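Bear in mind these aren't lab numbers, they're just calculated from the coordinates by the rules spelled out. As the structure is a computational prediction, the values presented were derived from the model and not from experiment. Cβ: placed from backbone, ideal geometry, glycine included. Neighbour counts: every protein chain shown.
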Ligand code: NAD
């Protein structure tokens, strides 16, 4: 992670866009600050009988377009500034996908790897009860993030329903299917990445049936991105996880690699493959590169050695600002995270809609709606990219800020 204060980074990005799009200074002033940041101290009875107090936050940045939306992370390095910055980025991510949501984020300073399941449950219920004064299906709808998943969402939903004394499934998204989760949520982010890839390839004249694709990270997003790209006819020539990478110019059967990884815990050692490092993987010649692991993977050190024509940011923040500039200069199109991985929050939106109407859709319906939503989002960013003669990242921010600005103006905030 960058040493810079993430909130400062979010403000710098906003300043850069504001300048380029000649943003109304009054709108700019409002967008600089979260509307509300709640800090809570949550006492938890630990298994050894002691009581420990955990600090958590919920930052609600802007709700001009609709109720706030954003995940909750559990990590020892959570800070209020980080949560505030992430809430700003959620405003842009929801707006770029044209979802009727504002942006928010939550975080708790804790290390769940050192806690028992019971302790994590008590912390989850305590934290959610503490922030329940500002969240809810019409106000702010949390979801999973780093170290939180369906299990925590079920506890959050249960705790909120207990406080209200009736079932409120639309309180959070990312819930398990039996309690109001959505079909298609598990694969949504990877599916969205592949749709962004298909649209990007069309613009660059890359024929998917002849395209070589390399994917870094083989978790939820990486596996599904690789799977759907191979369903489009692409050859997946490189794959990796935290232990290393594998390469085969003839292409991999993604599901076979997945089964191998399930058995062995890593894809390293997969037969008929050359073993390479994660650094080498990124620099392999390919048409489409999809980083789906961590932040800051493409930097000023390796950006000029990237040989792909299209980069799809499945992960959040895999490209540093310096690398972005190098890639832009060398004519590589980078589809930024807030657009490329927006499939996740989009199907979260579908989950919430299904919860509110108590009527559930088939996987085909979800996927069909996701496809249309992603194509629309991609095209509006692409049009902005052409109009402003900038890169796709700036175009995505400008597109998002324009939507939020319009809503603020119509509502009479400026
Ligand atoms: P995950 O934990 O399921 O998978 C992460 C993968 O990255 C694993 O295969 C891991 O081995 C690999 N990895 C870790 N360190 C690595 C390294 N140094 N080099 C190469 N590979 C490494 O996580 P995920 O849910 O797939 O999320 C991946 C990224 O996508 C994160 O940046 C996340 O914030 C972002 N994202 C995820 C979603 C979602 O719906 N899951 C939505 C939006 C964005």
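Taking neighbour Cβ counts within 10 Å as the exposure measure, how do 84, 157 sort from fewest upward? Spell out each step's value before the answer.
Details: 84 23, 157 26.
Least crowded to most crowded, the residues run 84, 157.
Can you compute the FRET efficiency between residue 207 and residue 50 using 1/(1 + (r/R0)^6), with r the Cβ-Cβ distance and R0 = 60 Å? Round to the nearest 0.05.
0.45
Run the quick spin-label model on residue 307 and residue 277: label points 7 Å from Cα toward the beta carbon, then report their separation in nm to one decimal.
Each label point is offset 7 Å from its Cα along the Cβ direction, giving 1.8 nm.
Please say if the stretch 188-340 is rounded, prolate or oblate, where rounded means a/c under 1.5 for a ≥ b ≥ c the square roots of the C-alpha gyration tensor eigenvalues, and otherwise the choice is prolate for a/b larger than b/c and oblate otherwise?
prolate
May I ask you to order 9-16, 128-135 by the average number of other C-beta atoms within 10 Å around their residues, highest value first? Could you put the intermediate results ahead of the total?
Values: 9-16: 16.5, 128-135: 19.1.
Top to bottom by mean Cβ count within 10 Å: 128-135, 9-16.
Just grab the label-to-label distance for residue 410 and residue 24, each label 7 Å out from Cα along the Cβ direction, in nm (one decimal).
Computed distance between label sites residue 410 and residue 24 equals 1.3 nm.
What do you get for Rg/Rh over the chain if you use C-alpha atoms and the Kirkwood form of Rh?
Numbers: Rg = 21.0 Å, Rh = 21.8 Å.
So for the chain, dividing Rg by the Kirkwood Rh gives 0.96.
In nm, give the distance between the simple-model label positions of residue 256 and residue 387, each being 7 Å from the Cα along the Cα-to-Cβ direction.
4.8 nm
Would you mind calculating the relative contact order of the stretch 49-127 from Cα pairs under 8 angstrom and at least 6 residues apart, reporting the percent as a whole number? Present the calculation step by step, with values, prior to reporting the outcome.
On the way: 142 pairs, mean separation 31.4, N = 79.
Answer for the stretch 49-127 is 40 percent.
What is the packing order of peptides 194-205, 85-96, 325-336, taking the mean over residues of other C-beta atoms within 10 Å and listing the highest first? Spell out each step's value before the answer.
Working: 194-205: 20.6, 85-96: 27.2, 325-336: 18.7.
Going from most to least packed, we get 85-96, 194-205, 325-336.
Is the C-alpha gyration tensor of the stretch 211-290 telling us rounded, prolate or oblate? Criteria: a/c under 1.5 is rounded; beyond that, a/b larger than b/c is prolate, otherwise oblate.
Working: a/c = 1.45, a/b = 1.14, b/c = 1.27.
Since a/c stays below 1.5, the shape of the stretch 211-290 is classed as rounded.
Is the shape of the stretch 17-90 best called rounded, prolate or oblate, per the rule: a/c under 1.5 gives rounded, else a/b larger than b/c gives prolate, else oblate, with a ≥ b ≥ c the square roots of the Cα gyration tensor eigenvalues? Don't skip to the end; give the middle numbers.
On the way: a/c = 3.50, a/b = 3.02, b/c = 1.16.
Prolate, since a/c reaches 1.5 and a/b exceeds b/c.
What's the ranking of 244-251, 399-406 by average number of surrounding C-beta atoms within 10 Å, highest first? Before the final figure, lay out the partial values.
On the way: 244-251: 16.9, 399-406: 21.6.
Most protected by this proxy first, the peptides run 399-406, 244-251.
If you bin every alpha carbon distance in the stretch 296-384 into 10 Å steps from zero, what whole percent lands in each bin?
Reading upward from the zero bin: 15, 38, 26, 15, 6, 0.
Which whole-number percent gives the relative contact order of the chain, counting Cα pairs below 8 Å spaced six or more residues apart? Each step should come with its number before you reach the end.
Values: 860 pairs, mean separation 62.6, N = 414.
Relative contact order for the chain comes out at 15 percent.
Restricting things to alpha carbons, tell me how big the stretch 121-214 is in terms of Rg and Dmax, in Å.
In order Rg, Dmax, the Cα atoms of the stretch 121-214 give 18.4, 57 Å.
With just the Cα atoms of the stretch 34-167, tell me how far they stretch along each of the three principal axes, in Å, largest first.
For the stretch 34-167, the Cα extents along the three principal axes come out at 47, 35, 23 Å.
Helix-only mean residue ellipticity at 222 nm, the chain, DSSP H runs n ≥ 4 weighted -39,500 (n - 2.57), per residue, nearest 500. What is it?
Details: 14 runs with 193 residues, N = 414.
Roughly -15000 deg cm²/dmol at 222 nm, from the helical runs in the chain.
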